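The values are calculated or read from the model by the stated rules, or taken from the named source; none is laboratory data. Computed from a predicted structure; not experimentally measured. Heads up, the Cβs are rebuilt from the backbone with ideal geometry, glycines too, and the neighbour counts pull from every protein chain shown. Remember, those area values only see protein heavy atoms, side chains included, never the ligands or the DNA or RNA. Shrake-Rupley method; radii C 1.70, N 1.55, O 1.52, S 1.80 Å.
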Amino acid sequence: MATKVLMLLNAPYPADIRVKKEASALIAAKYEVHLLCLRRNGEGAEETFEGMYLHRINAGRNNIQLAFWDVIMSLTFVHPRFRNATAKIVSANGIDLIHVHDLPLAGTALKIKKQLHSNVIIDLHENYPEALKTWFKWKKNPLVRFKNSLFMNPKRWTLLEQQACRQADHVIAVVDEMKARLVEAYSIPEEKITIVTNTEGKEFTNQILDKSVYESLPKGFVITYSGGIGPHRGVDTAIKGMSFLSHLPIQLAIVGFGSTSVMNNLRDLVASLSLKNVHFLGRQPFDKFYSYMHMANANIIPHRSNGHTDNTVPHKLFQGMMAARPLIVSSSAPLKRFVREYDCGIVFEAGNEKDFADKVETLYQNESLQQQLSSNGYNASMHRNLNWESTQKNLLDLYQRAKSK
């Protein structure tokens with residue numbers, strides 16, 4: 001009989017690429033995977049999707065409702081609607097393992113663990129307490145800022161993270177830096193933590209190549225930022241850096257989107273600097289990402305270096321390597337470690353726009369370096385261990401151990 005897994009996700013699905021990859025790996029390994037997530041308008045309460053059993057609940061369809069439940073979880077570390085739905089699904093389907101994605105729902109899963117004696121795996125996508133500090137940095141609404149300071153307190157969430165890691169049966173971390181932090185800060189045994197990093201599957205390179213993605217840009221050397229945008233992403237550093245490169249035919253393409261406040265902040269910055277070499281291309285479908293990355297001359301990841309970014313790593317790092325283009329990354333610890341270990345890019349000092357510009361110019365002036373870094377990254381991601389085909393083995397090994405408990 002197949003081992004039955006229930007994943008908890010405080011977001012709609014499909015959306016999260018990490019959840020999709022982990023669920024797909026488990027399904028391929030003959031696990032029965034259920035996912036409890038938020039329900040969008042027009043979606044059914046239950047359906048089978050890509051081999052997974054989806055269960056959806058109404059627990060926040062707008063920012064006001066989501067903020068309300070954020071406050072409840074911060075005060076109690078339990079989401080009442082997820083708790084009730086989880087208990088029903090566990091009982092009705094004979095769930096063996098609960099796999100909770102990220103910290104906010106960890107308390108809910110642990111509550112069920114006590115009631116129904118289910119094993120709980122907590123998958124920490126990021127350093128959530130530190131992330132709170134950066135996510136709210138550019139929020140200007142005084143009521144939102146008050147709510148965040150009062151209820152979304154990083155110190156409180158640090159205590160909740162400690163509680164969750166100690167009570168869970170197992171913890172998944174995205175990078176070595178995160179594991180080291182949990183071991184040192186909370187005295188979590190090393191063997192309790194498994195690294196499952198955000199590598200990409202080799203099929204990423206099979207996306208249809210659209211050579212026209214940059215036709216609207218002036219001719220020149222294109223550097224591209226792709227993906228979600230927030231204060232911690234350092235896109236503002238890259239924009240400021242472009243003010244030092246106006247004498248060269250270098251264009252910055254920003255492919256992706258963030259909140260209204262974040263995007264307004266960045267557009268205001270471009271206007272204040274009177275930049276003509278920065279281009280916002282907006283949100284794009286995932287099946288275009290390989291085209292945007294491969295048709296660029298280089299891909300950039302200009303993250304700020306802080307407690308959040310230094311404890312996770314984005315999918316775009318490995319996607320950029322598979323796209324066979326050099327990377328320009330900040331000195332945020334995991335980015336710096338991967339790029340230097342595999343010699344697939346150039347590192348600039350995080351938050352330093354002048355150093356960013358200098359490193360971009362260095363790469364622009366050296367075609368042989370571009371080719372060497374591109375080749376190194378591609379080989380590491382396609383022929384060595386930096387791909388999901390290799391990474392998923394860590395997840396499956398963890399599940400094999402969890403089953404035997």
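DSSP bridge analysis restricted to region 2-88 gives an antiparallel fraction near 30%, rounded to the nearest 5.
Taking θ as phi - 60° and the Karplus parameters 6.51, -1.76 and 1.60, the scalar couplings of region 277-293 work out to 10, 10, 10, 8, 9, x, 5, 10, x, 4, 6, 9, 5, 4, 4, 5, 6 Hz in sequence order, x denoting glycine and proline. Close amide-amide hydrogen proximity is noted between Ile346 and Leu327, Ile328, Val329, each under 5 Å apart and 5 or more residues distant or on a separate chain (H modeled in the peptide plane; Pro and chain starts excluded).
For the chain, carbon and sulfur atoms together expose 50% of the accessible surface, with a 1.4 angstrom probe and every protein chain in place. Among the listed pairs Lys30/Lys133; Lys240/Lys316; Lys179/Lys211; Lys133/Lys354, those with a Cα-Cα distance over 32 Å are Lys30/Lys133; Lys179/Lys211.
So how strong a dipole does region 1-136 carry about its Cα centre when Lys and Arg Cβ are +1 and Asp and Glu Cβ are -1, to the nearest 20 debye?
Values: 16 positive and 13 negative charges, 68 e Å.
Roughly 320 debye for region 1-136.
To the nearest 20 debye, what charge dipole does the chain have about its Cα centre, counting +1 at the Cβ of each Lys and Arg and -1 at the Cβ of each Asp and Glu?
Details: 49 positive and 38 negative charges, 238 e Å.
Rounded to the nearest 20 debye, it is 1140 debye.
Shape verdict for region 29-71, please, from the Cα gyration tensor: rounded (a/c under 1.5), prolate (a/b greater than b/c) or oblate. Here region 29-71 falls in the prolate category. With 26 Å as the limit, write out which pairs from Lys111/Lys403; Lys276/Lys359; Lys155/Lys336; Lys4/Lys155 have Cα-Cα distances beyond it, or answer none. From Lys111/Lys403; Lys276/Lys359; Lys155/Lys336; Lys4/Lys155, over 26 Å: Lys155/Lys336; Lys4/Lys155.
Per-residue 3J(HN,Hα) values for region 256-272, derived from phi via the Karplus relation 6.51 cos²θ - 1.76 cosθ + 1.60 with θ = phi - 60°, read x, 8, x, 5, 4, 5, 5, 5, 4, 4, 5, 5, 4, 5, 4, 5, 5 Hz in sequence order (x marks Gly and Pro).
Quick one: plug the Kirkwood hydrodynamic radius of region 53-132 (C-alpha pairs) into Stokes-Einstein at 20 °C, 1.002 mPa s, and report D in µm²/s.
On the way: Rh = 13.3 Å.
Answer, rounded: 161 µm²/s.
Taking Rg and Dmax of the Cα atoms in Å as calculated from this structure, the corresponding entry among [x] 23.7, 76; [y] 33.9, 112; [z] 21.5, 66 is [z].
Please label the shape of region 329-405 as rounded, prolate or oblate, based on the square roots a ≥ b ≥ c of the eigenvalues of the alpha-carbon gyration tensor (a/c under 1.5 means rounded; beyond that, a/b larger than b/c means prolate, else oblate).
On the way: a/c = 5.62, a/b = 2.06, b/c = 2.74.
It is oblate, given that a/c is not under 1.5 and a/b is not larger than b/c.
Can you give me the relative contact order of region 236-314 as a percent, contacts being Cα pairs under 8 Å and 6 or more apart?
Across region 236-314, relative contact order equals 35 percent.
Between the C-alpha center of region 292-358 and that of region 36-87 there is a gap of 34 Å.
Check cross-link reach from Lys288 to the aspartates and glutamates: straight Cα distance under 18 Å, and skip same-chain residues fewer than eight apart. The reachable aspartates and glutamates, counting only those whose Cα sits under 18 Å from Lys288, are Asp16, Glu200, Glu203, Asp210, Glu215.
The separation of region 171-213 from region 221-250, counted between C-alpha centres, amounts to 25 Å. Taken per residue, the accessible surface of the chain reaches 43 Å², heavy atoms only and a 1.4 Å probe. Take every pair of alpha-carbon atoms less than 8 Å apart whose residues are at least six positions apart; their mean separation over the length of the chain yields a relative contact order of 14 percent. Between the residues Pro334, Leu373, Asn352, the greatest Cα displacement towards the positive end of the dipole of region 332-374, with unit charges on the Cβ of Lys, Arg, Asp and Glu, is found for Pro334. In the distance distribution for region 2-42, Cα-Cα pairs more than 16 Å apart total 34 percent. Report summary: the helix-based calculation at 222 nm, which adds -39500 (n - 2.57) for every DSSP H run with n ≥ 4 and divides by the residues of the chain, gives -14000 deg cm²/dmol. Restricting the trypsin sites (Lys or Arg not before Pro) of region 252-334 to loop positions (DSSP other than H, G, I, E, B) with no more than 12 neighbouring Cβ atoms within 10 Å leaves Lys276, Arg283.
Taking Cα pairs under 8 Å and at least six residues apart, what relative contact order does region 1-104 come out at, in percent? Intermediate values should be presented prior to the final figure.
Values: 146 pairs, mean separation 35.5, N = 104.
Normalised by residue count, the contact order of region 1-104 is 34 percent.
Build a GNM of the chain with springs between Cα atoms under 10 Å apart, and of Ala28, Ala85, Ala164 the one that fluctuates most is Ala28.
What shape does region 247-311 have by the C-alpha gyration tensor, where a ≥ b ≥ c are the square roots of the eigenvalues, rounded means a/c under 1.5, and otherwise prolate means a/b greater than b/c and oblate the rest? The shape class here is rounded.
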